[in-house]
Amino acid sequence: MNREVDKLIFNALAQGRDVCLPGKGSLIVCRNGARKLSSRRMQPPHTDIIFSSEQRGQSVPDMIVSISGVTPERAADIYAQWLRTAERDGVLSVDGVGELREGKFITNEKFDDMANPEGKKTVDMRPRTNYFLYSFAAVCILFAVIVAGYVISSHQRSFSDPVRGNSAPVAEQAAPAVTETPAAENAVAEDVPETVAEQPLPSEPVVVTEAGTEIIPMTAGNTYAVWGVYVQLANAEEALRTLRARYDDLECGIYDYGDRYMVALDEFSSRSECVRFVESLKSRSKAFREVWAYTCRK
């Protein structure tokens with residue numbers, strides 16, 4: 001029966017569903033968006049399994065009841081037997097998925113390959129060379145050099161040619177004296193526009209990151225339609241940008257979820273209203289099949 005329990009956990013995580021291990025915590029499917037590491041390297045989108053001490057997702061005993069049809073008491077006994085067998089020396093092993101060691105879940109290579117068919121390794125981004133632009137710039141520079149050379153040579157010839165004409169005495173051909181005026185006296189002061197200081201914006205009850213993203217504190221008693229919970233802020237911001245681009249009718253935002261970041265599609269003061277909203281989203285598109293309702297208790 002232990003193998004069957006391992007398969008239940010494997011199938012649930014492979015389908016993107018969180019799994020609750022009573023007495024231990026939860027295994028949570030964390031979807032990470034693409035992240036730019038540098039100007040030439042980026043990490044593609046990938047999926048991780050993280051461990052949380054919170055109780056989230058469907059519990060293993062409930063899975064056993066729904067699959068085998070046994071009583072809840074019998075399902076609890078089967079789970080307890082599996083837990084005694086799977087946990088050795090403080091390490092909990094889930095066959096085909098990975099190990100829970102010192103509060104951190106480490107997926108095995110086979111499950112990683114299945115969850116991330118494109119891999120998790122960083123990708124080199126090679127900038128595309130625009131040879132047409134470089135060629136056009138070179139032609140423009142060459143043309144400018146030719147024109148400048150022609151103008152300079154023309155001025156040099158005009159200054160070097162002797163003055164031809166009547167050889168009258170110097171006194172008769174003397175030109176009227178020209179009084180030079182210092183350039184400083186002819187200079188006209190240009191008006192420089194005065195910089196106007198911007199008025200500071202009023203303070204808001206949110207935290208704003210360097211990228212301009214608002215991290216909204218959750219309100220106790222309110223219920224949220226949760227798209228996903230992310231460990232990295234950059235991944236949450238990427239998910240928010242994607243949602244806002246695709247679904248402009250949703251009130252999406254990033255909320256403070258302790259040491260993580262929760263992307264929610266909307267916020268409700270009534271849990272039943274939020275649950276109805278989540279069900280309407282799931283019937284609207286398969287993209288919302290993993291959306292769930294979370295009520296803030298703190």
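No value in this document is a laboratory result; all are computed from the given coordinates. Please read all numbers here as calculations on a predicted model, not as lab measurements. Here the Cβ is made from the backbone with ideal geometry for all residues, glycine too, and neighbour counts use every protein chain on show.
Run the numbers on region 77-123 and let me know its relative contact order in percent, using alpha-carbon pairs under 8 Å that are six or more apart.
Contact order relative to length: 20 percent.
Would you tally the net charge around residue 221, using a Cβ to Cβ cut-off of less than 10 Å, leaving residue 221 out, and scoring K and R as +1, D and E as -1?
In short, +3.
Give me the dipole magnitude in Debye, nearest 20, for region 2-124 about the Cα centre, with unit charges on the beta carbon: positive for Lys and Arg, negative for Asp and Glu.
Details: 18 positive and 18 negative charges, 112 e Å.
It works out to roughly 540 debye.
Peptides 62-74, 23-35, 224-236: what's the order by average Cβ count within 10 Å, highest mean first?
My ranking of the peptides, most packed first, is 224-236, 23-35, 62-74.
Checking a compactness column here: for region 219-290, what do you get for Rg(Cα) / (2.2 N^0.38 Å), N being the number of residues?
1.07
If R0 is 25 Å, what FRET efficiency do you get for residue 232 and residue 284 from their C-beta distance, rounded to 0.05? Don't skip to the end; give the middle numbers.
On the way: r = 28 Å, r/R0 = 1.13.
Efficiency computed from Cβ-Cβ geometry: 0.30.
Based solely on C-alpha atoms, express the radius of gyration and the Dmax of region 2-124 in angstrom.
16.1, 57
When the dipole is taken about the Cα centre of region 207-295, and only Lys, Arg (+1) and Asp, Glu (-1) are charged at their Cβ, what size is it in debye, to the nearest 20?
Details: 10 positive and 14 negative charges, 96 e Å.
Computed charge dipole of region 207-295: roughly 460 debye.
Taking Cα pairs under 8 Å and at least six residues apart, what relative contact order does region 214-298 come out at, in percent?
43
With each pseudo-label sitting 7 Å past Cα toward Cβ, what's the residue 132-residue 93 distance in nm, one decimal?
With each label point 7 Å from Cα toward Cβ, the separation is 6.1 nm.
For a 24 Å ceiling on Cα separation, which of these pairs sit above it: 7/110; 7/282; 24/298? Before the final figure, lay out each step's value.
Values: 7/110 14 Å; 7/282 26 Å; 24/298 22 Å.
Checking Cα-Cα distances, 7/282 exceed 24 Å.
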